[in-house]
Amino acid sequence: MKTLLIIFHSMTDGARQMAEAAAFAARSQNDIVVRLMHASEAKAEDLLGADGYLFVTPENLAAISGVMKDFFDRNFYLVLDQLIGRPYATLICAGSDGHNAVKQIDRICLGWRLRKALESVIVCTQAQTPQAIMAKKNILEQDLVRCQEVGEALASGLTMGIF
Ligand SMILES: Cc1cc2nc3c(=O)[nH]c(=O)nc-3n(C[C@H](O)[C@H](O)[C@H](O)COP(=O)(O)O)c2cc1C
C-alpha cells in the first residue's frame with residue numbers, strides 16, 4: 001500500500017480548500033493511504049513514511065507562507081538524502097502571481113532530490129484590496145477540479161508504479 005502525504009498551510013482558507021479537494025480525489029483511488037496534514041504538525045517521520053508528496057501553500061510576499069517555510073526549515077536536514085527520487089507536486093493559492101512560491105518549493109525539493117511528477121497548479125483568487133486579501137476565500141469549482149486532477153494523478157501514478 002502506497003502513502004501520499006498532503007501538507008498544507010492556509011491563512012484565509014483558499015489553500016485548505018485546494019488541499020481538501022486534492023485529498024478527496026486521491027482517496028477515490030484504490031490501494032492508497034492519503035494523509036492530509038497541516039504544515040505546523042508535519043514531522044520528519046511523516047515525510048519518511050510517505051511515498052509521494054503534495055505541497056499546498058499560499059504565496060505570501062512573493063514566497064511560500066511562513067508556516068510552510070517553517071515546515072521545510074524544521075525538516076530539511078532531518079530527511080536529507082532519505083527521500084531521493086520520490087515524486088512530488090505543488091498547489092499554490094495566490095492573489096495574482098504564485099510563480100515565486102512554485103520556484104521556491106522546486107528549489108527545496110531539488111535539494112531533497114525529489115522528482116517533480118506533475119506541473120504545478122496555481123489558483124489566483126484575484127483579491128486586490130487589503131480587505132479582499134484578508135477575507136475568507138471561496139475557491140471556484142473549476143479551480144477545485146484542477147486540484148482534484150492533481151490529487152488523482154499523483155495517487156494513481158503512485159499505485160501504478162509510474163512515479
Ligand atoms: C501578507 C500577504 C502577502 C501576499 N503576497 C502575495 C504575493 O506575493 N503574490 C500573490 O500572488 N498573492 C499574494 N497574496 C495574496 C494571497 O496569496 C491570497 O490571498 C491567497 O488566497 C492566500 O491563500 P490562503 O487563502 O490559503 O491563505 C498575499 C497575501 C497576504 C496576506
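No value in this document is a laboratory result; all are computed from the given coordinates. The model shown is predicted, which means the values in this text are computed figures rather than measured ones. Positions of Cβ are generated from backbone atoms using ideal geometry, with glycine treated the same way; all protein chains shown enter the neighbour counts.
A few comments on the model shown:
- Rounded to whole Å, sorted largest first: equivalent-ellipsoid semi-axes of segment 2-159, Cα gyration tensor: 24, 18, 13
- Cβ-based net charge around Gly85, under 10 Å, with every Lys or Arg adding one and every Asp or Glu removing one: +3
- Pairwise label distance in nanometres, His99 with Arg74, each label 7 Å out on the Cα-Cβ vector: 3.2
- Gain in span if fully extended, Ala62 to Lys116, counting 0.36 nm per residue against the direct Cα distance: 17.3 nm
- The convex hull drawn around the Cα atoms of segment 82-131, when projected onto a plane and averaged over every direction, covers 3.8 nm².
- Within segment 145-163: backbone nitrogen closer than 19 Å to the Asn30 label point (7 Å, Cα to C-beta): 152-163
- With Cα atoms, 0 to 90° folded angle of helix 141-159 axis to the chain main axis: 10
- Cα Rg, Dmax (largest Cα-Cα span) when computed across segment 32-109, Å: 12.3, 35
- Helical runs (DSSP H, four residues minimum) scored at -39500 (n - 2.57) apiece and divided by the length of the chain put the mean residue ellipticity at 222 nm at -13500 deg cm²/dmol.
- Interchain or long-range residues, amide H under 5 Å from Gly95's placed H: Glu59, Thr125
- Neighbour net charge for Gly157 - beta-carbon separation under 14 angstrom, K R +1, D E -1: -1
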